[in-house]
Amino acid sequence: MLNPDRRLFLKGTALIGCSAAAHPLMSSMTFAALPGDNRLVVIILRGAMDGLDVIQPYGDPALRQLRRKLATGPDRGALDLDGFYALHPGLAPLMPLWKNGELAFAHAVSTPYRDKRSHFDGQDVLEAGTGNDLPVDRRVGGWLNRLLLATPGATAETAYSVGVEQMKILSGEAAHLSWAPRASLDLSAQAQLLLEHVYQADPLFRDAARDAIQIGAESMDMTRTQGPTADATALGAFTASRLNGESRIAAFSIAGWDTHANQEVVLGRALDRLAAAILALRDGLGANWGRTTVLAMTEFGRTVRENGSGGTDHGTGGALIMAGGAIRGGRAYGEWPGLGEGQLYAGRDLMPTRDIRAYAGWAMQGLFGIERDRLERAVFPGLELGEDPGILA
Amino acid sequence: MSLGFPELAAIRLGYGLSPLMPPPQDADAVLAGVARAAPGADAVTTDEAREFHLRLGELSKARKQGDKKAVDEYRTFARSLSRLTVIDLQRRMVRAVDDPVGFGERLVQFWSDHFTIRPMGAGQNPLAMAFADEAIRPHLTGRFEDMYVAAETHPMMMLYLDQTASRGPNSPFAQKRKERGFGLNENLAREALELHSMGVGAPYSQKDVRELAELLTGMTYTPAKGVVFQPQMAEPGAETVLGESYGGGRADMADIRAALTDIARRPETAQYVSKKLAVHFFSDTPPEPLVRDMVQTWRETGGDLARVYRVMVGHPALAQTMGQKIRQPFDLLAAGFRALGVTGQKIAALEHPQNARWLFNAMNSMGQPWGRQKGPDGWPEEASAWIAPQQLAARINWSLRMPRQMLDELPDPRELLETTFRGGQSPELAWAVPKAESRAEGVALILASSDFNRR
């Protein structure tokens, strides 16, 4: 029969790290202190979120001229934020956070990616965190991975890629863990025991199965919500559960922002998911929410004019949404470029006034103490961080 | 226990053993089987694909003009186009499962991945299907240069790597529209050298990339006109690529073909592509003698692919590197269906949404969303890219679910163990299978085992 101690051993290793040497994911394991108590979550909004509809600059009179069908401003259902910007009603569940200083945004931001407006290339640039000096397909490795390399004491457990798909933002040399919240292992005790036996001579399968069984068991307790926002809630809740443990950095993505047609409905659904994910993070993190910064970033914005099918097309400048108890929220960041003639990018898009990476860079500086020089050369090579926007409380 | 050639060939070069058909008896049987991977009766052509794309455009236009009927028609048509991704996966799976040898279909996958394309939007889905039927399947056993030229000049590749957006900066077309800023797009030229032929380490320069891109200008595609050569978009003058001069007279496709053919014939191409074949079929770190033998044959035969395959099929490395590769999710599904005796007919009968859930979604959760490769470098080869914890969990869950989805009655796990491995199973698996609590778990142990997930 199988040695009963072995099973205990398999269950225990990931918890106490006693077999770190045998675990490829933990090859960088040291017993140095973890990189502090602060937490960073990056949500990639795939499909290009229309920042102008999510945070509506209704104080700019040109907005209503450009968007006659899409509802804009507080008199058409949006929630006034500061007399100039109004929040899309789809994010109404987040208004308490705004009032608490736990929600903020920066308008007119972008990556250095320009003009071709391809989702795939745009997301690659966003996740790689590099500039335009390299061909798109050479931008390998993500900026969160380079952050790990720059963080003393980081281990595989420090960072989590959450979801089924590979997150390029975390790919690279530094070890990290990955799991999809809906991935589960519905194995009987006997099947699990037998499978462990079958894998025991194959380290690749043995270690992956150990993590899968361990993580799968830990995440079993999570509330299984139903409905259209269930996946987003699961992403947020699972991420929170890891950040309450040893993890400090996590990334996942929410898709569905490509609103070429019928934007009112499509964007509403995407915003429901985003709000659900952020609230699940807050609820799941409990007291740790106070040390958490959430950055929701998209590959680019959308055209300032609505198109003929009740939507908007691929643009340039967009918006960054920030949340968490660690931020100085309840305010708008960034320089507003205006929507008038001559103020647009290429006559059609919101003019970017700041590189979105600068906000992420300053967040990492404040949360993990990464020096400016390191941020500008290693994490975001070639970026000039510029002035500190002061987004952290 | 060591396996004989038939079992090794079925597991390593095909989609595994099946109780419904015998494995190939010798190298000739393996190689002869490749002919079955030629374009089938259901082959899609570029002309058909253009019609679909144009129709979508017409409906989209009518819809935007407020034609109420067109709104519904557009939605129905767009939906059926978007479902083609799953339909294409399904038809590929049927061929993989039913082919007695499987090597031909494995080659279709290898070359389709070597020349990765990705449809941008549902309108391009038929063209992506045409790419495999026109650029890959007809050239599986020909010379590499024929497949290479067919792939680089196929409209799907032109769209994917932005050739359709590339114009000679000094061409009459760009000069007449200076304010529009038309210019060169190097994407296709770069990948034609870097990913598709010589490899990134080869001695070519940025200047070669640029001049090849200039030579490629004029070659373009639109759904309305098909593939055309537009001399007014071509960069004037001769271009020098890898020391050879091309063009200079009236620009046309012949110069492009000549340059591509020369690149395909380079010794660096023989080295790079032979090694890539060896990595895909044998090991992430293939034995040096195998690669050397393949390169030698490639160079002696002018890149005759059938001859290169013969070296692979007959090489001692086939046995030596057994088990070093992970079955990619597509291969795992095909091998699982074959092992259980699920026929292609049964897979072909799956309708929406079952075909999406049981094929596409299953592979997606294992990390291989069909047709959605992240970049032109295609799917990863290395074992670790496929066995992350959540991916392995998806493989295990599939092993539990799939047999119940596809079969009314599950096989006896002990018999399945025998027909699937013919004695090649590990002692650990042989020990565990009879101890399973139920048939379902016994079958799942086999499908989830490292024995079965490796080849």
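Could you calculate the contour length gain from B:ALA348 to B:SER80, that is, 0.36 nm times the residue separation minus the distance between their Cα atoms, to one decimal place in nm?
Result: 94.8 nm gained on full extension.
Take the alpha carbon atoms of the stretch B:43-90, find their center, do the same for the stretch A:83-119, and report the distance between the two centers in whole angstrom.
Spelled out, the Cα-based centre of one part sits 34 Å from the other.
Mind checking the angle between helix B:103-114 and chain B's longest principal axis? C-alpha axes, 0 to 90 degrees, to the nearest 10.
40 degrees
Compare the peptides B:417-429, B:173-185, B:382-394 by average per-residue count of other Cβ atoms within 10 angstrom and give them in order, highest first.
For the peptides B:417-429, B:173-185, B:382-394, the packing ranking is B:382-394, B:417-429, B:173-185.
How far apart, in nanometres, would the label points at A:ASP115 and B:ASP42 be if each is projected 7 angstrom from Cα along the Cα-to-Cβ direction?
4.3 nm
Check each residue of the stretch A:88-124 and keep those whose accessible area, probe 1.4 Å, is at least 40 Å² smaller with all protein chains in place than in the chain alone; give them in order of residue number.
Listed in order, they are A:LYS116, A:PHE120.
Quick one: which residues, 5 or more positions from A:VAL294 or on another chain, have an amide H under 5 Å from its amide H? H modelled 1.01 Å from N in the peptide plane, none for Pro or chain starts.
Those lying under 5 Å, H to H, from A:VAL294 are A:VAL41, A:ALA323, A:GLY324.
Please compute, for peptide B:395-401, the average count of beta-carbon atoms on other protein chains lying within 10 Å of each residue's beta-carbon.
4
For a test of the definition: using alpha carbon positions, the gyration tensor, and the 1.5 limit on a/c, classify the protein assembly as shown as rounded, prolate or oblate.
Cα axes put the protein assembly as shown in the oblate bin.
Could you order B:PHE229, A:PHE380 so the one with the most accessible surface comes first? Probe is 1.4 Å.
B:PHE229, A:PHE380
Per the 1.4 Å probe, what fraction of the accessible area of the stretch B:297-436, in percent, lies on carbon and sulfur atoms?
C and S atoms contribute 47 percent here.
Just the number, please: buried accessible area between B and A, total of both chains, 1.4 angstrom probe, nearest 100 square angstrom.
Accessible area lost upon association: around 3300 Å².
What ³J(HN,Hα) values, in whole Hz, does the Karplus curve 6.51 cos²θ - 1.76 cosθ + 1.60 give for the stretch B:442-448 when θ = phi - 60°, with x put for Gly and Pro?
So the Karplus estimates, Gly and Pro as x, are x, 4, 4, 4, 5, 5, 8 Hz.
Among DSSP beta bridges whose residues both lie in chain B, state the antiparallel percentage, nearest 5.
Approximately 100 percent, going by the DSSP bridge assignments.
In peptide B:377-389, what is the residue-averaged number of other protein chain Cβ atoms found within 10 Å of each Cβ?
Per-residue shielding by partner chains comes out at 4.
Can you list the HN-Hα couplings for the stretch B:216-226, worked out from phi with the Karplus curve (6.51, -1.76, 1.60; θ = phi - 60°), rounded to whole Hz and with x for Gly and Pro?
6, 4, x, 7, 8, 8, 9, x, 6, 9, x
What ranking, highest mean first, results for peptides A:206-214, B:280-288 when packing means the other Cβ atoms within 10 Å averaged over each residue?
Taking the mean over residues of other Cβ atoms within 10 Å, the ranking is A:206-214, B:280-288.
What distance in nm separates the simple spin-label points at B:MET120 and B:ALA430, each placed 7 Å from Cα in the Cβ direction?
For B:MET120 paired with B:ALA430, the spin-label model returns 5.5 nm.
Can you work out ³J(HN,Hα) from phi for every residue in the stretch A:239-250, in order, using Karplus 6.51 cos²θ - 1.76 cosθ + 1.60 and θ = phi - 60°, giving whole Hz and x for Gly and Pro?
Per-residue couplings from phi come out as 4, 4, 5, 6, 6, 6, x, 8, 6, 10, 10, 8 Hz.
Please compute the length gained on full extension between B:GLU415 and B:ARG401, using 0.36 nm multiplied by the number of residues separating them and subtracting their Cα-Cα distance.
Full extension of this stretch gives 3.1 nm more.
If you count the DSSP beta bridges with both ends in the protein assembly as shown, what percent of them are antiparallel, to the nearest 5?
Of all bridge pairs located within the protein assembly as shown, approximately 55 percent are antiparallel.
Computed FRET efficiency, Cβ-Cβ of B:ASP26 and B:GLU382, R0 30 Å: what is it to the nearest 0.05?
Here the calculated transfer efficiency is 0.40.
Once amide H atoms are placed 1.01 Å from N in the peptide plane, what residues at a sequence separation of 5 or more from A:LEU392, or on another chain, have their amide H within under 5 Å of its amide H?
For A:LEU392, the qualifying residues are A:ARG328.
If you wrap the stretch B:156-264's Cα atoms in a convex hull and average its projection over all directions, what's the area in nm²?
Average of the hull's projected areas for the stretch B:156-264 equals 6.6 nm².
Round to the nearest 10 and give me the degree value, 0 to 90, for the angle of helix B:267-281's Cα axis relative to the longest principal axis of chain B.
30 degrees
For B:MET219, enumerate residues with amide H under 5 Å from its amide H, sequence gap 5+ or separate chain, H modeled in the peptide plane.
It is B:GLN230, by chain and number.
Could you give the accessible area per residue of the protein assembly as shown, probe 1.4 Å, as a whole number in Å²?
For the protein assembly as shown, the per-residue accessible area is 38 Å².
Give the calculated FRET efficiency between B:ASP408 and B:ARG292 to the nearest 0.05, with a Förster radius of 51 Å applied to their Cβ-Cβ distance.
For R0 = 51 Å, the calculated efficiency reads 0.50.
Extending each Cα 7 Å along its Cβ direction at B:ASP304 and B:VAL71, get the distance between those two points in nm, one decimal.
About 6.3 nm separates the two model spin labels.
So what's the gap between the Cα centers of the stretch A:314-393 and the stretch B:110-142, to the nearest angstrom?
Going from one Cα centre to the other spans 40 Å.
Helix B:46-64 versus the longest principal axis of chain B: what angle, 0 to 90°, nearest 10, using Cα atoms?
The two axes meet at around 70 degrees.
The values are calculated or read from the model by the stated rules, or taken from the named source; none is laboratory data. No experiment lies behind these values; they were computed from the predicted model shown. Positions of Cβ are backbone-derived with ideal geometry, glycine not excepted, and every protein chain shown enters the neighbour counts. Each accessible area value is taken on the protein alone, full model and side chains, heavy atoms only, with ligands, DNA and RNA left out. Shrake-Rupley method; radii C 1.70, N 1.55, O 1.52, S 1.80 Å.
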